[in-house]
Structures are given as C-alpha cells and as structure tokens.
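The values are calculated or read from the model by the stated rules, or taken from the named source; none is laboratory data. Since the structure is predicted, the reported quantities are computational estimates derived from the model, not experimental observations. We place every Cβ from the backbone using ideal geometry, glycine too, and count neighbours over all the protein chains shown. To get the accessible areas, we keep the full protein, side chains included, count just its heavy atoms, and leave off ligands, DNA and RNA. Shrake-Rupley method; radii C 1.70, N 1.55, O 1.52, S 1.80 Å.
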Amino acid sequence: MQHCKGLPASGGIAIGKAWVYRPQRIKVPRHPVEDSEQEWQRLQHAFACARTQLQELAARAQTAAGKEEAAIFAAHQLFLEDAELLAAVQHLIQDEHLNAEAAVADSFEHYAEMLLALEDTYFQARAQDVRDVKQRVLRLLSGKENDVPILSAAAIVIAEDLTPSDTIQFDRCNILGICTVRGGPTSHTVILARALGVPAVVSAPLDLSKIAEGAMVVLDGDSGEVIVGATPETIAQARQRADSWQQQRAVELAASHQPALTRDGHQVEVVANVGSLEDAQQALAMGAEGIGLLRTEFLYLNRCQLPAENEQVEIYRRIFEVMAGRPVVVRTLDIGGDKPAPYLHIQTESNPFLGWRAIRMMSERPDILINQLSALLIAAAKTTTDLRIMLPLVSCLGEVKQAKTLFDQAASVLREQGYQLPEVQFGIMIEVPSAALLASHFALQVDFFSIGTNDLTQYTLAVDRTNERVASLASPYHPAVLKLIAETIRAAHAHGKWVGMCGEFAGDPMAAPLLLGLGLDEFSMAPASIPTVKQAIRRWRWDECKQIAQIALGFATAAAVRTYLQGVVRSS
Ligand code: PEP
Ligand code: MG
C-alpha cells in the first residue's frame, strides 16, 4: 500500500481502480539539414495539422466541459503563432540548419523553462501548456500522432504529469479521479478537472513503478490524501465521506449566488482573485460578487517591450464588461527581479523579494505607472465598472503620495482630452509589516486596504515564500500575522475605510470565523473556493466570531491557533 499527501487540486473523493498513464516518449532526432527551406515547409505542414487538431479538441472541450475549457485549446493555438517562439524556431532551422524536431524541442523547452522560472504560479502552469503543444508538434513531425494509450474503463488516472490534451482525450465517463506526481494546483489540467467535476490531487509523491494496474485507490481532492492499494475498510470509510462531501458541495453550489450573511445578518463581500478574462468568467459562475484582485502581470511578462496603452485598455475593457458594473479591484504592476521582463532592465538581485520591485519602480519609471493608470481610467470610462485601483508592496507613506500625484496627473490629462471619468477608489495592499503597523496613517491617504497575507506572512516571519525548505515556518495563522491583520482592520475602520483580503488566507474556510470576528469587510479568493467560503460564513454568528478572534489573538503559536479553530469549527 502507498499512502501519501499531495496538493489538493479539485475537490471531492474518488474511489476506484488505478490506471497508470504512461505516454510514449518521443525520441527527438537531431541532425543538420541541407535544404532548410524544405524543412521549414515540413514544419509549417505540422503546425497546420496541429491547428486543426486543436480546433477539434476545443470543440470537444466545449461540449464536455464548457467555454472556458475550450479556451485552453484556443490558447494552445496562439503558441503556434507566437512571434518570439516562431522566430526562435526559424532561426534554428534557417540560420543554424537544424532539423525541425530539434528546433521545436529546443525553442519550446526554452520558453517553458522561462515560464517555470517565474515566481507566479499562473505562469509556471503555462509551461505545461507549452510542453503540451511541443509534444503535439513532435508527434506530428514523427508521424506517431495516434500512439496514445486509451482509457477504456472507469478508473482513477495516475500519471507523472498530464497535459490538458491528455485530460480531454479521456472519456469523461471513465475518469473517476486524477492524480499526478508533478504539477501545481493552478495548471490547466486542474482547471479542466474542476470543470469536469473530477476530484484531483497534484504533486503526490507516488512511485508509479510500484503501482499495480487495477489496485484500489482512494483519492481525496480536498485534503490531498491518496491511498493506493486501499483495504476494504478504508474503502468503506471513504465511501461514506464521499457521499457526505457530495451532499455538502451540492448545497454550497446551490447557494453560491446568494450573499454571504452570518446567522445574525452581518454581510461581507465575497469576490475573486483573477489573472485573465477566463478567470473572470469562471469567477462569476462560482458566485463572485466582483473582483478583489486583478493581477496585471500577465500583460507585462514574456514580451520585448511594454504593452501599449491601447492594448491594455482593450484587455481591461473586456474584463470590466464581463463584470458588468460589479466592483473590480485592479492591482498595478507587481513585478521584480524574480520575473524576467528584459525591457525593464531589472538587475539580478541577491534578495529580489526585498529589492527593486512593484511600486518601488515608480520613482525611476513613473511612465509605466502613468501608462497603466491611464489605460485603466480609459477602460473604466468606456464601461460601467466600479473600478478600484490598488498599489502593491507599499512600505512607506511617500510611495502612496507619489502614486496619487501620478494618478491625479493621468486623470487630468484624460479629462482635458474630453474623457468623462468615473469615481475611482484608490487603495493599497497591506503586505509589509511597516504598512500594517502604520495603518492609521495610511488610512488617511486611501479609500481602502487589501491585505496580501501571502507576502505579509513572508515578511513578518522572514520566510521566503518560494523556499520549500522553510515553508513549514510560514503560516498566516501565526499570531504575529494575526495581530498585524487586526491592527490594519482596526485602524481602517477608525477612519471609516473598508478592508479586504486577497491573500490565500481569505479562501480558507477554517479562517472564516476568525476573519469575520476581526471585522474583515471583503474576502477575495480563487473562484473555486467561493461557494465553500460563502457557506462557511453562513454558519456563524458575528458576535461569537468576535469572541473567537479575541481568543485566537491571545495564543503564542500558529499551531495553537489552528488547534483552537479546529475545535470551534468541529463543535459549531
Ligand atoms: C499576497 O501577497 O497576499 C498577494 C495576494 O499577492 P501575490 O500573491 O500576487 O504576491
Ligand atoms: Mg503579494
């Protein structure tokens, strides 16, 4: 029996036989070619076939899963048109006289590795998509396109890693669950698994060579637990849990479009963290009341120059239109030495998280912020959105004042040009302890705060959020982090300002009574968490939450806070 814990990726409990997916590895031939033009044409033919396949897969995904899932394959087609990627392949074939297979393998892999090196998990997950397209083109070039194992009976699919193409080609009725040894919880495979309603666990440390075909598996997509070779008793217990999970999820989904009200009538806003138009659509489907964090980095990475103002306007406008008048909190560019943007000339830094990043770029490159603020204001003027703009990584008051001056400048230039600008709230993220401790001063300058617990935890506990070795030290339940959250909310409310939270902590249902009790006004999270957190909020009375929060603040360790909350959740 193998028993392990991976990362929970798509909720639910799956029980069934193991089917280990072992795709054929394509050996990439590597040799010089004499007629590079002919080689280039051979590749063009493979690209054309890949496009046709991807159109078919998009149509299949649309029927099996939905519009957003079909968009994954539409996005794959874009990799085949990516100017930078094509230029790299063309250079290898036409200037270096390399064969098409090796040129594709090298260029696509280089691109995937560049994405993997980014700190943002969204971009890391896109590396898997690039590799998926690479495999498709390589299969076409080698003539082995039909060489894929078939899932012919209902089973739990276990694989080293799965691409979206792998996942969609399986017959939906036959996939009981998905478990991968690699991959992160934001990969497209996971997005597909969620849309198909299939429980999934990723990053599960399983030894695939030791799994017997047909062994019984229990997979818990909420806790990340995976048991291979489960005993009849374990299976019976899992069946009970699966039944009650299904009932619970059905209740959550049925009420996901209702407001989040505590039992004594206190209402909070539940909104979504998004990084694309597709995310915004998914957020609405899950019952989001708006966007609490629009990460805008996707507009700036993987390119050779800054995005033009009109390009930005167009993307913001589309997202705002989808949100149809609901609040949208947009975070200005949050990028630094850990994310490559060669045109910004960011130097290598030994501590990029403490370095020249995010709002700190403003004094040297005010043009970038002015450009982004103008694009946001124009997009807001063209729609009915309730736009709120926030600055990341603020650590001192001067930064807010300077950014507000730039904002006023951008607005007055646009008004002179005849734009009718809507009212826009201006806020900051609380991610640095100095900002939390001085929240009462910051509150005089802004309309709202949004607490970024991912960074606030990193900076409060001195734990690099990308370093797995110290990951166990990082917990937003740490009383030091909780005290900073409490002080932020207290100071904001004393000045009549509202406070949101867009760090992962807001999406943790166990934290709901604590955050309600501290007075949080807005909870922003991954779209899939919204139904669960709304339901968690509805379980509590606000007055009892206030007591729970006071007690939690008195503990000395994160473990003590967690144990206490587990106890109150269990007995509620
Ligand atoms: C945070 O730091 O909590 C946050 C939401 O920002 P990011 O995770 O994008 O750094
Ligand atoms: Mg952050």
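Residue-level check: of (1) part of a helix (DSSP H, G or I); (2) out of contact with any Lys or Arg (no Cβ under 6 Å at 6 or more places or on another chain); (3) modelled with pLDDT under 90, Gln44 misses just (3). Among the residues of segment 405-432, those that are within 16 Å of ligand 2 (Cβ to nearest atom) and more than 15 Å from Arg490 (Cα to Cα) comprise Gly427, Ile428, Met429, Glu431, Val432.
Quick check on Val271: is it assigned to a strand (DSSP E or B) and of a type in the set (A, V, I, L, M)? So that I can check it myself, show each step before the final result.
Details: assigned to a strand (DSSP E or B): yes; of a type in the set (A, V, I, L, M): yes.
Judged against the criteria, Val271 is a match.
Restricting attention to segment 486-513 and to residues that are more than 16 Å from ligand 1 (Cβ to nearest atom) and open to solvent by less than 10 Å² (accessible area, probe 1.4 Å), the residue that is nearest to Pro527 (Cα to Cα) turns out to be Ala512.
Checking segment 295-306 against the condition returns a match, with at least one residue being of a type in the set (Lys, Arg), modelled with pLDDT under 95 and in contact with a strand residue (DSSP E or B) (Cβ under 7 Å, 6 or more places away or on another chain).
Selection over segment 58-93 of residues that are surrounded by fewer than 22 Cβ atoms within 10 Å (Cβ to Cβ), in contact (Cβ under 8 Å) with a residue 24 or more places away in the chain and touching a Phe, Trp or Tyr at 6+ places or on another chain (Cβ under 6 Å) gives a count of 2. For segment 325-358, a residue qualifies if it is open to solvent by 10 Å² or more (accessible area, probe 1.4 Å), within 16 Å of ligand 2 (Cβ to nearest atom) and outside any loop (DSSP other than H, G, I, E, B), and the qualifying residues are Arg331, Pro352, Phe353, Leu354. Looking at Val201, Val130, Val190, which is the one that is buried (at least 22 other Cβ atoms within 10 Å of the Cβ), of a type in the set (Val, Ile, Thr) and in the same structural domain as Gln53 (by TED's automatic domain parsing)? One residue alone meets the criteria, Val130.
Applying the selection to segment 449-483, what residues are acidic (Asp, Glu), open to solvent by 20 Å² or more (accessible area, probe 1.4 Å) and within 14 Å of ligand 2 (Cβ to nearest atom)? Let's see the steps before the verdict.
Here is the first cut: in segment 449-483, the residues acidic (Asp, Glu) are 455, 464, 468.
Remaining after also requiring open to solvent by 20 Å² or more (accessible area, probe 1.4 Å): 464, 468.
Listed by number, the list holds a single entry, Asp464.
Pairing each residue of segment 187-206 that is closer than 17 Å to Gly275 by Cα with any residue that is at pLDDT 90 or above, provided the two are 6+ apart or on different chains, yields C-beta distances under 6 Å for Val190/Ala200. At pLDDT 95 or above and either more than 16 Å from ligand 1 (Cβ to nearest atom) or surrounded by 21 or more Cβ atoms within 10 Å (Cβ to Cβ) (or both): does that describe Leu520? Against the criterion (at pLDDT 95 or above and either more than 16 Å from ligand 1 (Cβ to nearest atom) or surrounded by 21 or more Cβ atoms within 10 Å (Cβ to Cβ) (or both)), Leu520 qualifies.
May I ask you to say which residue of Ala250, Ala280 is out of contact with any strand residue (DSSP E or B) (no Cβ under 8 Å at 6 or more places or on another chain) and either outside the structural domain of Ile227 (by TED's automatic domain parsing) or exposed (fewer than 14 other Cβ atoms within 10 Å of the Cβ) (or both)? Spell out the reasoning first.
On the way: Ala280 fails: out of contact with any strand residue (DSSP E or B) (no Cβ under 8 Å at 6 or more places or on another chain).
Sole residue among the options that is out of contact with any strand residue (DSSP E or B) (no Cβ under 8 Å at 6 or more places or on another chain) and either outside the structural domain of Ile227 (by TED's automatic domain parsing) or exposed (fewer than 14 other Cβ atoms within 10 Å of the Cβ) (or both): Ala250.
Assessment of segment 144-152 against the conditions (assigned to a helix (DSSP H, G or I) and either in contact (Cβ under 8 Å) with a residue 24 or more places away in the chain or under 22 Å from Glu69 (Cβ atoms) (or both)) yields no matching residue.
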